[in-house]
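Asker: Sharing a structure, written as structure tokens. Questions coming.
The values are calculated or read from the model by the stated rules, or taken from the named source; none is laboratory data. Everything numeric in this text was worked out from a predicted model, so none of it was measured. Cβ: placed from backbone, ideal geometry, glycine included. Neighbour counts: every protein chain shown.
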Amino acid sequence: MAEPTHPPYKRSLKNLLLNRRLQMYYVLWVTCLSAVIATALGVLIYQQSTFASREIIAGLNAAEMEWLNPQAKESIRQALGRSDMGLAATMLGIGIALALVLMASLIVVTHRVAGPLLRAVRYFDQLAAGRLPTVGPLRKGDQLTEFFATLGSTLEALRNRATQDIEIVQAFLDACVRHEGLGTAEVAKALDALRLVQQQKGDALKS
């Protein structure tokens, strides 16, 4: 029997974290690694900017620049300082924005893996309980499609085998009923055991 019908699934902020531990582990790990790389690049850029500023200021202090009045030199120094600080603030803002975008993107991506994993765990729980569920289709954008295709074909093969076993047992039981000579107590006990197995397999197919 197919899985119960549910209303169309809609992703939202509330259900994006299906497996908080798994998803946040990868989100934080990748975000921290990206932050380290971005910080290193930002420091290099800032160092190049301040190096250029120092070179310009050193040039202003050279003897060849005596013709430039002190007020103009100070104005240039302040402009260079503001430029360096503005560059640092801009890189910090861009870094924070990129980190937030990266975290949001990773949550969505890991959600598309965590969702199928959660469903797979439920299928295995049903198998452990002696049931043979039918694997339903994944949501649009979900990952692990090949794994679910294999899982679905495996469970379908098990369901077909269980169906065949039920039919074989039923045929045997019908034959026993038709032959009164098999109606001993020992045979009756064995038949009851077969009926129990048949019932269990039938219950497994109803999952």
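Asker: Do you know which residues across segment 19-63 are assigned to a helix (DSSP H, G or I), in contact with a helix residue (DSSP H, G or I) (Cβ under 7 Å, 6 or more places away or on another chain) and either under 30 Å from VAL108 (Cα atoms) or not assigned by TED's automatic domain parsing to the domain that holds MET103 (or both)?
Answerer: Within segment 19-63, LEU22, GLN23, TYR26, VAL27, VAL30, THR31, SER34, ALA35, ALA38, GLY42 qualify.
Asker: Another question, if that's okay. Considering each of PRO137, PRO133 in turn, give the residue that is touching a Ser or Thr at 6+ places or on another chain (Cβ under 7 Å), closer than 30 Å to ASP203 by Cβ and not in a helix (DSSP H, G or I).
Answerer: PRO133
The rows are residues; the columns are (1) in a helix (DSSP H, G or I); (2) touching a residue at least 40 places away in the same chain (Cβ under 8 Å); (3) loosely packed, with under 13 Cβ neighbours inside 10 Å.
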| site | (1), (2), (3) |
| --- | --- |
| ALA79 | yes, no, yes |
| ALA99 | yes, yes, no |
| ALA104 | yes, no, no |
| ARG119 | yes, no, no |
| ILE166 | yes, no, no |
